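A short worksheet on the structure shown next.
The values are calculated or read from the model by the stated rules, or taken from the named source; none is laboratory data. Please read all numbers here as calculations on a predicted model, not as lab measurements. Every residue, glycine among them, receives a Cβ derived from its backbone with ideal geometry; neighbour counts consider all protein chains shown. Only protein heavy atoms, including side chains, enter the accessible area calculation; ligands, DNA and RNA are left aside. Shrake-Rupley method; radii C 1.70, N 1.55, O 1.52, S 1.80 Å.
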Amino acid sequence: MDTVQVLTLAGFLTTLVLITVWKEARTALVLCGAVFVAVLHPSTALSHIDIGVLGLWLGMLVLAGALRQTGLSQYLALWSAKAVRGNPVAILLVYAALALLFSAVVGSVPAMFLMVPVSLLVAVELDISPLPFVIGEAVAAGLGGALTLVGDPASMVVASTFGVDYTTYLSSVAPVLGLTAVFFFGTLVLVFRSSLKVTNERKARILDFDASRSRPDQALLTPVLGVLVLTLVGLVVAGWFQVPVALVALGGAGLLLLLTGPKDALKHLGEADWNALVFVAGLFLLVGGLLDSGVLGVLLPALALFPVPLLWFSGLLAALVDNVTAVTVLAPLVQSLAGAPVSPVPVWLPLVLGGALGGSATLFGAWANIAAAGIAGKSGYKLKFWTFTRYTLLLSIVNLLVASVVLLIPGL
């Protein structure tokens, strides 16, 4: 390797290590590393920033923020808790299912802001630890985030890198994640059932909830749901007409801002995670330097091009770093080594699954986990790394094992 290649590789690996051990400053660190690598390849550096991914994510964040402000998720969570008559095991499963659904529709991180606050409230009324609810929702968010190409930044990166449209992506991941979810829900109950025993008196407190008092803001809910449905339909049909999905998401966000007026528009824009958007832009610069340097073969073993090894390889990296970083780094490397602009499903599918399922293994492995723990911490329930990880690691291993078996099924 020449001097530029050595410096590029050193800058990349140093940045990767630093953002792993110093997560609080990861945005600043990745920007510093990205600029260092970009300076070594100034003529092509900025071309690696994927505006499509950033635009798609920004549009969905605006829509998710508006949905949060309607109060719909709180109403559904309280209503469903009453519907299952305060049974904590049933509530655990329902809340995990809602987290999965919200993640698939508006994103895994926004789903945590929709679900975790109300689950903390329910846990207090049941006089139990909120840990089962928080963990169930976080891991389910990882599954839901991988289910659609708008569910997580990692999914967006994979779809953009490999040129996969919404329906192709969904039809490819749904069989694997569907079976994985069945085993996940079963394992979730087995792991937490003993800690979800409550008295009838506590169940009665849930039945006393007046869900009507938390009814959604109808004036805001109608335009938000209308625009959200139009956007989802647009994402599905965009591939038929070769329209970039980013334009659909940004168009939906723009229409919503127009319908809700300037005052609410500022609130919706404020819901976007600008820090995370800058972080991903920095990752694009960082990985772009690797592409320009020609040192790809150093970073990814040829063995990782096989579906199951790639699943576990990406899962391990996601658990150590985080799912978005892992997939953003690996996607262009896998594509380049595969030698095709649109790789077959066995190449990109295990990559996105490994990032999602492996990232759920540790507290810092998935952005949804970090968001869930942060929300719980602000409410006075601090989640330490091992307290969280000793459960999520088991759930993640089970999910990866199931996915490995399903990927080996012929004709999937």
Just the number please: accessible area per residue for the chain, 1.4 Å probe, all protein chains included, in Å². 41 Å²
Starting from the Cα of K267, draw a straight line to each of the lysines and keep only those under 23 Å, dropping any in the same chain fewer than 8 residues away. K378
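Considering the convex hull of the alpha carbon atoms of the chain, report its projected area averaged over all viewing directions, in nm², one decimal.
Details: hull surface 78.6 nm².
The number I arrive at for the chain is 19.7 nm².
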Size of segment 39-87 as Cα extents on the principal axes (Å, biggest first): 62, 22, 14
Please give the helix 26-40 orientation as an angle from the longest Cα principal axis of the chain, in degrees from 0 to 90, rounded to the nearest 10. 20 degrees
Between helix 88-106 and the chain: long-axis angle, C-alpha atoms, 0 to 90°, nearest 10: 40 degrees
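When ranked by the protection proxy of mean other Cβ atoms within 10 Å per residue, highest first, what sequence do the peptides 28-34, 350-356 form? All intermediate terms of the calculation are to be shown ahead of the outcome.
Numbers: 28-34: 20.7, 350-356: 32.1.
Taking the mean over residues of other Cβ atoms within 10 Å, the ranking is 350-356, 28-34.
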Using a 1.4 Å probe on the protein heavy atoms only, what accessible surface does E125 show? Give it in Å² to the nearest 10. 40 Å²
Give me the percent of accessible area attributable to carbon and sulfur for the chain, probe 1.4 angstrom. 69 percent
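Ignoring ligands, DNA and RNA, how do W240, W79 rank by accessible area with a 1.4 Å probe, largest first? Provide the component values of the computation, followed by the final result.
On the way: W240 165, W79 140 Å².
Solvent-accessible surface, decreasing: W240, W79.
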In whole Hz and in residue order, list the ³J(HN,Hα) couplings for segment 112-121 that follow from phi through the Karplus curve 6.51 cos²θ - 1.76 cosθ + 1.60, θ = phi - 60°; x for Gly and Pro. 5, 6, 7, 9, 4, x, 6, 5, 5, 4
Report F241's accessible area, 1.4 Å probe, all protein chains in place, as a number in Å² to the nearest 10. 150 Å²
Take the chain, connect every pair of alpha-carbon atoms lying under 10 Å apart with a spring to form a Gaussian network, then pick out the residue of F209, F279, F133 with the largest mean-square fluctuation. F209
Excluding residues fewer than 8 positions from K203 in its own chain, the lysines with Cα under 24 Å of it are K82
